[in-house]
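What follows is a set of notes on a single structure, which appears directly below.
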Amino acid sequence: MTAASVRPAVTVRTPKSGLLRHILVRLATAVGVLLAAATLAFLLVRLSGDPVKQLLPPDATAAQEATLRAQLGLDQPLIAQYGDFLWGLLRLDLGDSLVYNEPVSQVIADRIPATLELAAGALVLSLVIAIPAGIYAATRRGRAGDTGVMTAVLLGQSTPPFWVGILLVLLFSVRLKVLPASGYGTFAHLVLPAVTLSVYSIAVIARLLRSSLIDVLGSDHIRTARAKGLGPAKVVLAHGLRNASLPTVTVIGLEFGGLLGGAILTEQVFSWPGIGRLTVEAISRRDFPLVQAAVLFFAAAFVIVNLLVDLSYSLLDPRVRTQS
């Protein structure tokens, strides 16, 4: 028997198997986050009060209240209600809305297009403005252009979105009368809400891109590219921007999730018929199943966006693909 015949087998881990394991771990983490969010929503909505008082007229008798409470399953112990909630969640059955008297999945589905339209419009506007602004500020570091961009960024991060929305309504709807103050259905209705929602995201993305690009433009490979005679535009766009994209992609993904959540206030200001406004109405009416479904929607949106951002790293940076 030779030494080679007793040599232990070596398991070769391929990049694909490492990436697959990474995806499975991320999916398991996502399920855990969603379960935690669902549990938190279940507990918090039950601390807000008894919905029976909201559903019945003020002159309802104690017997009527007891009957409705039994019909809704609110007379059971909290642990039993939680068990029923989890069982319904496993079956993708989130129950019926106490106010709309229809499945909450249908109520949420009817409002999803409006919220996605608003968030997507705000994100596109943010990217169209923030990326050129960040590049402009980074390539003019310390100059008047950089100072102007960073001043605007500071104002954008410091201004409450609902206040921006009110000012836009006063200017473009009340005084100039060129855009509608509320409503849904046309591009004109989308302009003011999208601008309001994008102000903070523009500031965050532009500031991070400027910082990342400044770091990259001072690296050795950028100096080598310039020494080869490449033009400034090609150096910045082809070599600098790609290497500065990882942190920017991360914040863009987080901002899209933030836009979905931040749409709550914006939808209230502009009477936009999305999930954010629906959530506020459900909370005020103590519609337990609808509030739980809305929280799960926002949590799922954050988790899915973060997962997609994480997986996109391997496409943007070969080093990440190698580590996986």
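What the Kirkwood sum gives for segment 89-167 is a hydrodynamic radius of 16.4 Å, with every pair of different alpha carbons counted. Between Asp96 and Val104, the built amide H atoms are under 5 Å apart, and every one of these is 5 or more places off in sequence or on another chain. The convex hull drawn around the Cα atoms of segment 156-224, when projected onto a plane and averaged over every direction, covers 6.6 nm².
Other residues with beta-carbon under 15 Å from the beta-carbon of Phe42 carry, at +1 per Lys or Arg and -1 per Asp or Glu, a net charge of -1.
Here the gap between Leu47 and Ala28, fully extended at 0.36 nm per residue and compared with their Cα-Cα distance, gives a gain of 3.9 nm.
Readers should treat all values here as calculations from the given coordinates under stated rules, not as data from a laboratory. If you're wondering where the values come from, they're calculated on a predicted model, not measured in any experiment. Using ideal geometry, Cβ is built from the backbone for each residue, glycine included, and neighbour counts are taken over all protein chains shown.
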